[in-house]
1. Suppose we filter 148, 158 for residues that are within 19 Å of residue 20 (Cα to Cα) and surrounded by 13 or more Cβ atoms within 10 Å (Cβ to Cβ); which single one remains?
2. Please verify whether residue 98 is of a type in the set (A, V, I, L, M), at pLDDT 85 or above, touching a helix residue (DSSP H, G or I) at 6+ places or on another chain (Cβ under 6 Å) and in the same structural domain as residue 27 (by TED's automatic domain parsing), treating the condition exactly as stated.
3. Tell me which residues, restricted to the stretch 123-170, are of a type in the set (Gly, Ala, Ser) and assigned to a loop (DSSP other than H, G, I, E, B).
4. I want to confirm something. Restricting to the stretch 92-131 and keeping residues that are of a type in the set (Gly, Ala, Ser) and out of contact with any Lys or Arg (no Cβ under 9 Å at 6 or more places or on another chain), which single residue is surrounded by the most Cβ atoms within 10 Å (Cβ to Cβ)?
5. Are any residues in the stretch 226-271 within 30 Å of residue 389 (Cβ to Cβ), at pLDDT below 75 and not aliphatic (A, V, I, L, M), and if so, which ones?
6. Take residue 143 and tell me if it is crowded, with 17+ Cβ neighbours inside 10 Å, under 60 Å from the mean Cα position of the chain (by Cα) and not basic (Lys, Arg).
Amino acid sequence: MSLRARVTLAAGFAVLLAVLAMSIAVYAVERGSLRDQIDRSLISESPPRHDDTTASHRVPPATAPEHLPLVRDAYMQVVDGNGNVVSVFDNRTLPVTADVLAVARGQRQDAFFDADVNGTAVRVYVTSTGQGALQIGRSLAEVEQTLSQLVLTLVVISGAAVALAAVIGRLVAAVAAAPVHRVAEAADTVARTKDLSHHIAVPGGDDLGRLTASFNTMLDALSESLAQQRRLVADASHELRTPLATVRTNVEVLARADELDPGDKATLIDDTVAQIGELTRLVGDLVELARSEGQEEPFTVVDLDEVTREVVEVASRNHPSITLRVDGGPTLIRGARSRVWRAVSNVIDNAAKRSQPDGEVDIIIGDGAVTVTDRGPGIDPADLPHIFDRFYRARDARRMPGSGLGLAIVKQIADSHGGTVAATTAPGGGAAFTLRFPAADSTETCDQDGNLSAS
């Protein structure tokens, strides 16, 4: 069902409920008012009471009293204490009920009740005469006729009101849905042309305006994401071209291995294996960078101190000449353990690579952060703004192995965790990197699947 149809139905249904409630109220009030008028007229038509005993033998005249209107709809009779009809007007007998007997015997002063007299609805008033009861009745035909006309009028008005509400609702829905249709048309245009620069004019500051602005923001985010992917592919193809060319050349030379000196052959094989290793690391780094912001691995409570010491153990084997000193204690963070491990590993590996042979690297852990300080050449101020860019390598680092993706991966992991990473020049020389993650809440625990829960 379209938005216009929904708004039209909603408007018509709401007006129908309102008109129905109002009609019921009007009908009830009007019915009560008409019956009150009948009751008052019956009271006014009854003769005055007298204390003398002759009042009990008053007999209605053969012709209608002058003060009784609508003679053809009038009823009048006198009943004694035994329920016998003493006299009746124009042979129009009224039923003698328990209420009539109670009034005739002096148990009540008066009473009202509805009766069916030969198929005619009659409103009856009973009043005491001292030793009997006088019944005065009046047909409710005029009341029922008036109420029938009122019901017909209310039905017509209700139908007209609902129809008018539906028309107005349709017009309002058309105006309100116009921006939504523009958004839908823009989405169709983007899907058809793949042009993410197709924006919609924001109509105003209302809800539909915010919807349009959100759609434009989404297009900008998609455009930026697509641009980043294209840059990544372009940068990756550039970085892969050189090692692939080198491997290809080495393999072509190895194809003529019988013509090579054994020493040259061994060197060539070692160089090829090293290039393949670089390609493997580069592809792994590219896969890491290509990951989306939403992580497949769930966030858990991670002990940063434990992760860092595991990384240091591995780094010590890879860089045996570098002394890695660790200081700190347990500090709990929220994150994906394998990715936190990768970020810490990249920072420590970068510090070890930039350190002098037999150098030292200090690693301090605490308050949800790990700070790694080396004794290398430090960071050139010109390189500092770009040090976390993809494939960026400082001038003095271009002679070292690597792809320039390690610190970019650290930055991406920190951002995806809501953390930060910063680089500065250490006071005593060298570079200092601080990687910080959001601290875990003291009430958070992990279940057996590693998912977070509040205790």
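The values are calculated or read from the model by the stated rules, or taken from the named source; none is laboratory data. Keep in mind that what you see is a predicted model, and the values were worked out from it rather than measured. In this analysis, Cβ positions are derived from the backbone assuming ideal geometry, glycine residues included, and neighbour counts consider all displayed protein chains.
1. Going through 148, 158 in turn, the sole match is 158.
2. no
3. Matches in the stretch 123-170: 130 only.
4. Among those residues, the one meeting the criterion is 104.
5. Selection gives 228, 229, 230, 231, 235, 237, 238, 239, 241, 242, 243.
6. yes
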